[in-house]
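Structure first, then comments.
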Amino acid sequence: VEKYIERCAVSLFEQTYPNIEYIFVNDSTPDKSIEILESVIERYPKRKPHIKIIKNERNCGLGATRNTAINHATGEFVMHVDSDDFVEKNIVEKLVIQQKISDADIVTCGYILYRHNKIKEVLPEPIFNIKKLISKILSRDATMMIWGRLIRKNLYDNNNIFVPEGINMGEDYVTIPKLLYYAKKIDYVKLPLYHYDCYNINA
């Protein structure tokens, strides 16, 4: 993702919310992504003490890489951001504010989709009945992406939830329903705060 990593990292380091732990997982990348990332980090000295770069000794794939990040996270909540995507500078602040209002276990926002030379704003339908939402996800009537959501970390830890290894596309589909099943409350921010870029042919 050497073509995209600078854009992603800058959008993360320029967040308006101050208290963020950053975990980047180097899945034995053969390109210059890590060198680019390290050069970007130098531009944000205040963020630097809160950044971890974890290296997989071999290429393990997306599922295992997500698990590595979750296992190294120490905060109360986690949010996945794929390295070829980027986010609005206030995504964390907006999601945290909504979480504090509702005490939700998962807070979801909308996103902007870049695909087929078109840009489309997608605002998921707010469904607060968790069983109904799981049903709609499993029937592909609701968004199932794991990225761009604020997720209480103990949903993973207390219920032995992990992303199946060896699945490198659609791994969200087997993970989000489990997280929702154990969530007591979910909430939404009705703004497109995540940028989902589908132009990376190497993804």
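Which ones in the range 73-90 are open to solvent by less than 80 Å² (accessible area, probe 1.4 Å) and within 16 Å of Leu179 (Cα to Cα)? The answer is Phe77, Val78, Met79, His80.
If I filter the range 22-36 for residues that are farther than 20 Å from Ile167 by Cβ, in contact with a Ser or Thr (Cβ under 9 Å, 6 or more places away or on another chain) and among the charged types (D, E, K, R), do I get at least one hit? No; the residues of the range 22-36 include none that is farther than 20 Å from Ile167 by Cβ, in contact with a Ser or Thr (Cβ under 9 Å, 6 or more places away or on another chain) and among the charged types (D, E, K, R).
Among the residues of the range 25-52, just one is of a type in the set (A, V, I, L, M, F, W, C) and either open to solvent by 50 Å² or more (accessible area, probe 1.4 Å) or touching a residue at least 40 places away in the same chain (Cβ under 8 Å) (or both), namely Val25. Can you name the residue in the range 99-130 that is closer than 10 Å to Leu150 by Cα and of a type outside the set (Val, Ile, Thr) and, of all such residues, is nearest to the chain's Cα centre (by Cα)? Only one residue fits best here, namely Cys109. Taken over the range 103-125, residues that are at pLDDT 95 or above and either surrounded by fewer than 14 Cβ atoms within 10 Å (Cβ to Cβ) or acidic (Asp, Glu) (or both) amount to 6. Within the range 53-72, the residues that satisfy the criterion of being among the β-branched types (Val, Ile, Thr) and either open to solvent by 60 Å² or more (accessible area, probe 1.4 Å) or touching a residue at least 60 places away in the same chain (Cβ under 8 Å) (or both) are Ile53, Ile70.
Go through the range 151-203 residue by residue and tally those that are in a loop (DSSP other than H, G, I, E, B), closer than 20 Å to Ala73 by Cα, free of Cβ contacts under 8 Å to residues at least 60 places away in the same chain and open to solvent by 30 Å² or more (accessible area, probe 1.4 Å). Residues flagged as in a loop (DSSP other than H, G, I, E, B), closer than 20 Å to Ala73 by Cα, free of Cβ contacts under 8 Å to residues at least 60 places away in the same chain and open to solvent by 30 Å² or more (accessible area, probe 1.4 Å) within the range 151-203 amount to 2. Somewhere in the range 97-117, is a residue hydrophobic (A, V, I, L, M, F, W, C) and part of a helix (DSSP H, G or I)? Checked against the condition, which is being hydrophobic (A, V, I, L, M, F, W, C) and part of a helix (DSSP H, G or I), the range 97-117 yields at least one hit. For residues in the range 42-60 being assigned to a helix (DSSP H, G or I) and over 19 Å from the mean Cα position of the chain (by Cα), which is nearest to Gly75 (Cα to Cα)? Step by step, filter the range 42-60, then rank; the result is Pro49. Scanning the range 54-80 for residues that are in contact with a helix residue (DSSP H, G or I) (Cβ under 7 Å, 6 or more places away or on another chain) and closer than 16 Å to Ile34 by Cα, we see that the one that is modelled with the lowest pLDDT is Asn56. When you look at Lys136, is it open to solvent by 10 Å² or more (accessible area, probe 1.4 Å) and closer than 26 Å to Glu21 by Cα, yes or no? Against the criterion (open to solvent by 10 Å² or more (accessible area, probe 1.4 Å) and closer than 26 Å to Glu21 by Cα), Lys136 does not qualify.
Among the residues here, Glu93 does not qualify as open to solvent by 40 Å² or more (accessible area, probe 1.4 Å), in contact with a helix residue (DSSP H, G or I) (Cβ under 6 Å, 6 or more places away or on another chain), in a helix (DSSP H, G or I) and within 24 Å of Pro192 (Cβ to Cβ). Within the range 3-18, the residues that satisfy the criterion of being touching a residue at least 40 places away in the same chain (Cβ under 8 Å) and not in a helix (DSSP H, G or I) are Lys3, Tyr4, Glu14, Gln15, Thr16, Tyr17.
The values are calculated or read from the model by the stated rules, or taken from the named source; none is laboratory data. All of these numbers come straight from a predicted model, not from anything done at the bench. Backbone-built Cβ (ideal geometry, glycine too); neighbour counts: all protein chains shown. For the accessible areas, the whole protein counts, side chains as well, though only heavy atoms, and no ligand, DNA or RNA atoms are used. Shrake-Rupley method; radii C 1.70, N 1.55, O 1.52, S 1.80 Å.
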